[in-house]
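Notes follow the structure.
Please treat every number below as a calculation from the coordinates, not as lab data. Since the structure is predicted, the reported quantities are computational estimates derived from the model, not experimental observations. Neighbour counts are summed over all protein chains in view; Cβ atoms, including those assigned to glycine, are modelled from backbone coordinates with ideal geometry.
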Amino acid sequence: MTKMKKAIENLELLPKNITETPSNSFQNLPSLVNFDLSEFLELTTIGYDNGKNLYAMQELYLSPYIKEIKSGSFNNCTSLVRLDLSDYEQLEIISYDCFTRLWSLTELNLGSYIKEIRYGSFGDCTNLVKLDLSENLEHISFDIFKNAWSLREIIFPQNSKIKSIKSGAFYNCTSLTRLDLSNCLQLEQISFDTFVNAWSLQEIIFGPNVKEIMSGAFRNLTSLTRLRIPASIEKISWNTFEGCVQLEEVIFEGDTEVDPDAFQNCPRLERRVFPRKKIPDCIYGKYSELKGSLQFGQGQIGATCGISLEEFQEDSDIVVLPCGHAYFEEAFHEWFSRQKICPTCRVEL
C-alpha cells in the first residue's frame with residue numbers, strides 16, 4: 001500500500017498543508033467509512049479518480065476551501081446516503097463522472113454556489129428521490145441524472161440561472177411526476193432526449209422563454225394526458241413527444257412550428273391537436289368576466305356553446321366573435337382550423 005493510501009486510512013498522518021490529492025491516491029479502500037477532510041485548510045483540489053470504489057464510505061466532508069473535484073472522484077461509493085455541498089463557497093464546477101453510481105444516495109444538497117454540473121456526474125444514483133438545484137447553476141450537462149429511477153421532484157429555485165439542459169440529462173427518471181420550468185427565465189432550448197422514459201410524468205410547465213424543444217426530448221411519457229405549449233416556443237422537432245400514448249390534448253398558445261412526426265405513436269391525439277393563435281377582432285377571456293356583455297342569451301345561466309353544446313362554466317375560457325356569438329375557445333379554434341366562418345350565423349371571419 002502506498003504512503004498516501006496509508007495516510008488516508010489514518011487521516012491524522014496526512015500532511016495538513018496538502019493542496020491537491022494526487023490522482024488515484026485513495027481509491028479502493030474497503031474499510032474507510034468516515035472520510036473527513038474538513039481540517040485540511042489548504043486543500044483546494046481533489047485529483048482524478050480519488051475516492052473511487054470506496055464502497056463502505058458513509059460520510060464525506062471536504063476542505064472548506066475546495067475549488068475543484070476532478071473527473072472520476074467518488075464514483076462507486078455505493079454506501080453514501082447523503083451528500084451536502086452547500087457550504088463549499090469556492091466549488092463552482094462538478095466535473096465528469098464525479099458521483100456516479102451512488103446507489104444508496106437519497107439526499108443531495110447542491111447549495112448556492114455550483115454553476116456547472118458536467119457529463120454524467122450523478123448518473124445511476126438510483127435511490128435519489130428529491131433534487132434541489134443550486135441557485136447559480138447555469139448548465140446541466142449530458143446524462144447528469146441518467147437512470148435516477150427514484151427521482152420524484154426537481155426544484156428549480158426562484159430566478160434560476162439555468163441556460164441549458166443537455167441531452168439525456170434526466171433520461172430514465174421513471175418516477176418523476178411533475179416538471180416545472182417556470183423559474184428558468186434564461187432557458188431557451190430543451191435538448192435532445194432530455195426526459196426520455198419519464199413514464200410517470202403527468203404535468204409539464206415550460207419556462208416563459210423556451211423557444212425550441214429538440215428531437216426526442218419527451219419521448220415515451222406514457223402518463224402524460226394534457227400538454228400546453230406556450231407562445232414563446234417557436235419550434236418542436238421530430239419525435240419530440242413520440243410514444244406519449246395517453247396524450248389526449250395539446251393546446252398551442254402561439255404559432256409554433258411543429259414537425260409532422262413530433263407526435264408519432266400518440267394514438268389518442270389524432271383529433272385534438274389544434275392551434276390557439278388568437279384571431280383579430282375576437283375577444284378572449286373567462287366566461288365570468290364576459291358574460292355580462294354577451295348577446296343571444298349566452299350570458300344567462302345554462303347558456304351553451306354552439307359547437308360542443310356544453311354549458312359554459314364560470315371559469316371557462318371563451319372567445320366572442322365580432323358577430324357576438326361566443327364559444328369555448330378550444331372548440332372554436334378546432335373549428336376555425338377547418339372553416340373560417342361563425343358556426344351559428346355563418347359570417348366570414
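Note on region 283-336: Rg/Rh from Cα positions, Kirkwood definition for Rh, rounded to two decimals, is 0.90. For region 301-328, backbone nitrogen atoms closer than 14 Å to the point 7 Å from LYS286 Cα along Cα-to-C-beta are found at 313-318.
Between THR304 and VAL245, the simple spin-label model (points 7 angstrom out along Cα→Cβ) gives 3.6 nm. Note on TYR65 and SER112: their simple-model spin labels are 2.2 nm apart, each label 7 Å out from Cα toward Cβ.
Eigenvalues of the alpha-carbon gyration tensor of region 81-277, scaled by 5 and square-rooted, set the equivalent ellipsoid semi-axes at 30, 18, 13 angstrom, largest first. Of the GluC sites (Glu not before Pro) found in region 293-343, those that fall in a DSSP loop while having at most 11 other beta-carbon atoms within 10 Å are GLU310, GLU314. Here is the size of region 77-136 from its Cα atoms: Rg then Dmax, 10.8, 29 Å. Grouping the Cα pair distances of the chain into 20 Å bins from zero gives a pair-distance distribution of 27, 42, 22, 9, 1 percent in increasing distance order. Between GLU42 and GLU234, the FRET efficiency from the beta-carbon distance, with R0 = 56 Å, is close to 0.65. For region 81-277, the number of Lys pairs separated by eight or more positions or lying on different chains, with C-alpha atoms closer than 24 Å, is 22. Distance between the modelled labels on GLU203 and SER86, one decimal in nanometres: 2.5 nm (7 Å Cα→Cβ projection).
Subtracting the Cα-Cα distance of LYS163 and ILE279 from 0.36 nm times their residue separation leaves 38.5 nm of extension gain.
The chymotrypsin sites (Phe, Trp or Tyr not before Pro) found in region 294-349 that occupy coil by DSSP, while having at most 16 further C-beta atoms within 10 Å, are PHE296.
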